[in-house]
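The values are calculated or read from the model by the stated rules, or taken from the named source; none is laboratory data. Note that the coordinates shown come from a computational prediction; the quantities given were computed from them, not determined experimentally. Using ideal geometry, Cβ is built from the backbone for each residue, glycine included, and neighbour counts are taken over all protein chains shown.
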Amino acid sequence: MDIVEVLKHTSPALFLPDLQATDKAAALAEMVEGLVSGTSIHNPDTILQMLQSREHLGSTAVGPGIAFPHGRTLAVQRLTILIARSHAGVDFDSEDGQPTHLFFVLVAPPQDSGHQYIKSLAALIDRLQDAGLRAQLGEAADYDAFCAALKGA
């Protein structure tokens, strides 16, 4: 799966360009609020609990400066990806101990035909290994510029 296909699972309504949270709990809550306001998802508590449970297994902040909170839940009918950015950085228990600035939240139904969830997660992790790209994403003016940078345009 390539980045263009991954981006089909997000939208401008699922882009939070300036996350205000400063800690993990607040960041997860703010991102779930973004998911609810940007989609037809009606049960934020279920999603928040699922993401918190996943974080208890180990932080999804894999560094440098990136986190991929993710999981499966009956609260969604299809793969949905929220993108959030924090200029100040969030203490998200990253492996490298550094603040997290870019978040890609993936929520998928338990039955995920074609394994879109895992393929999307893998494509994002692979693409975001590039430090120059991460810097571009941090400076992108809006959703379109963010996606253009992610696509390599």
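Filtering region 113-153 down to residues that are under 20 Å from residue 12 (Cβ atoms) and among the hydroxyl-bearing types (Ser, Thr, Tyr), which residue is surrounded by the fewest Cβ atoms within 10 Å (Cβ to Cβ)?
In this case the residue turns out to be 143.
Looking only at region 54-66, count every residue that is surrounded by 16 or more Cβ atoms within 10 Å (Cβ to Cβ) and part of a loop (DSSP other than H, G, I, E, B) and tell me the total.
Residues that pass the stated criteria total 5.
Which condition from (1) surrounded by fewer than 15 Cβ atoms within 10 Å (Cβ to Cβ); (2) more than 16 Å from residue 6 (Cβ to Cβ) is the one that residue 78 breaks?
Exception for residue 78: condition (2).
For region 27-53, which residues satisfy the criterion of being without any contact (Cβ under 8 Å) to a residue 12 or more places away in the chain and either touching a His at 6+ places or on another chain (Cβ under 8 Å) or part of a helix (DSSP H, G or I) (or both)?
33, 36, 45, 49
Could you list all residues from region 52-72 that are touching a strand residue (DSSP E or B) at 6+ places or on another chain (Cβ under 6 Å), under 15 Å from residue 106 (Cβ atoms) and not aromatic (Phe, Trp, Tyr)?
Correct list: 54, 60, 61, 66, 67, 69, 70, 72.
Going by the structure shown, is residue 85 in contact with a helix residue (DSSP H, G or I) (Cβ under 8 Å, 6 or more places away or on another chain), surrounded by fewer than 20 Cβ atoms within 10 Å (Cβ to Cβ), of a type in the set (D, E, K, R) and in a loop (DSSP other than H, G, I, E, B)?
no
What are the pairs, 6+ residues apart or on separate chains, where a residue within region 125-153 that is farther than 20 Å from residue 100 by Cβ has its Cβ under 9 Å from a residue that is of a type in the set (D, E, K, R)?
145/139; 151/2; 152/127
Starting from residues that are among the hydrophobic types (A, V, I, L, M, F, W, C) and over 13 Å from the mean Cα position of the chain (by Cα), keep the ones in region 30-46 and report whichever is modelled with the highest pLDDT.
By that ranking, first place goes to 36.
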